[in-house]
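Here is the structure we will look at, set down as C-alpha cells.
Nothing in this text is a laboratory measurement; each read-out follows from the coordinates by a stated rule. All values derive from a computational prediction rather than experimental measurement. Every residue, glycine as well, gets a Cβ built from its backbone with ideal geometry; the counts of neighbours run over all protein chains shown.
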C-alpha cells in the first residue's frame, strides 16, 4: 500500500528550479531515505509533501490526501522533525510533551497514556523532570522525535535528525526508529548525510540539482556502479594517490581513511596500475576488488 506517491513534482522559485519533475512512491511502514548534497532539493520536497509549500506543478498524495487541494488535512496525519532543535529549552521533558499534546489536540483521556508511551519508547522516563537544555544532544533528539509523534501520525518526516549527534546516540535513535516501524507501523521518510544510516533504509532516492538521479534499495543501488571498484592500501599514501590520478584507466579515486577506492574502467588496468606502483617504489599492502559501498554509489552518482 502506497502511503506517499509523487508524480512530476516541481517547485520553481523565480528562475531557480529547486525540484524538477521528480517521481517516487513510499510503501506503508517503509523506511525511505532521501539523500543528496546541500541545496539538492531535499527540504523543499519535504515541505511540499507536508503541505507547507505549494508545488509549482505536478502532483502528490500523502496519507491518502492530495498535497495541493487537501494540504491542511495532511498536517493532522504526519509528524515532522527538523535538523534544528525546535523544543522549548526552559521547559522540562514532561512539560514539552504536554505542550505538544495540546498543540495536537489530544483528548484529555488519552494524554497521560500517550505521554507514558513517549517516555517509555524514548527511554527518557528517568529524566522527565529535567530541564530540556540540560540534556545531552542525543536525548534532545529522541525527545523531539516523540513530541512529533504524540498524535500518532501514520508518516513522520525526519530532516537530518541526527546531525551533530555522537555515534552511540545515533544508534539509539535508529533503535527508536525501528520500534516505530515495527510496533507503530509508522512510515519513516528521512534525509541524512550519514551513509551508514542510509544502509538502514529499505529504499533510497538520490537527488541532485532537484532531479532524482537514482532510486532503489541499497543492494540495488550498489549494482548500478558499472565500473570495477578496488581497494588499495599502501605507502606513501599521498605519493600513490598523486601518481594514480594521472592514470587514464581510473574513472575515479575516493579516499577512505588511509586507503583508496579505485573505480577502474576495466579489469585489465589492474596489471598496468601494479606496474606503475612498482615504478614509484610504493609499498602495496592491499590491492583487491571489493563490493561498492553506498558512499561509493553516492559519490559516483553525484559526479555523473
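Site pair residue 274 and residue 15 shows an inter-label distance of 5.5 nm when each label is modelled 7 Å from Cα along Cα→Cβ.
Placing one equal scatterer on every Cα of region 225-303 and applying the Debye formula, the log10 ratio I(q)/I(0) at q = 0.11, 0.14, 0.15, 0.16 Å⁻¹ is -0.24, -0.40, -0.46, -0.52. Sorting 278-290, 93-105 by average packing, meaning the other beta carbons within 10 Å per residue, from highest down gives 93-105, 278-290. Diffusion coefficient of region 212-259 by Stokes-Einstein, Kirkwood radius over Cα pairs, 20 °C, 1.002 mPa s: 167 µm²/s.
Out of the DSSP beta bridges found with both residues in the chain, what percent are antiparallel (nearest 5)?
Roughly 70 percent of the beta bridges in the chain run antiparallel, per DSSP.
With no solvent and one equal point scatterer placed on each C-alpha of region 60-214, evaluate the Debye formula and give log10 I(q)/I(0) for q = 0.10, 0.18, 0.19 Å⁻¹, two decimals. So the normalised log intensities are -0.37, -1.17, -1.28. The packing ranking of peptides 253-263, 60-70, highest mean first, is 60-70, 253-263, where packing means the average number of other beta carbon atoms within 10 angstrom of each residue. The packing ranking, built from the mean of other Cβ atoms within 10 Å per residue, places the peptides 144-156, 119-131 in the order 144-156, 119-131, highest first. The tail of the calculated P(r) for region 10-131 beyond 24 Å holds 44 percent of all Cα-Cα pairs. Compared with the rule-of-thumb size 2.2 N^0.38 Å for a compact globular protein, region 148-243 has a Cα radius of gyration ratio of 1.42. Result for the chain in a Gaussian network model with C-alpha springs under 10 Å: among 11, 75, 110, the largest mean-square fluctuation is at 110.
Can you give the relative contact order of the chain as a percent, counting alpha carbon pairs under 8 Å and 6+ residues apart? It comes to 19 percent, rounded to a whole number.
If the Kirkwood radius is taken over C-alpha pairs of the chain, then at 4 °C and 1.567 mPa s the Stokes-Einstein diffusion coefficient equals 60 µm²/s.
Give me the percent relative contact order of region 1-100, please, defined on Cα pairs under 8 angstrom at least 6 residues apart.
Values: 137 pairs, mean separation 25.2, N = 100.
In percent, rounded to a whole number, it is 25.
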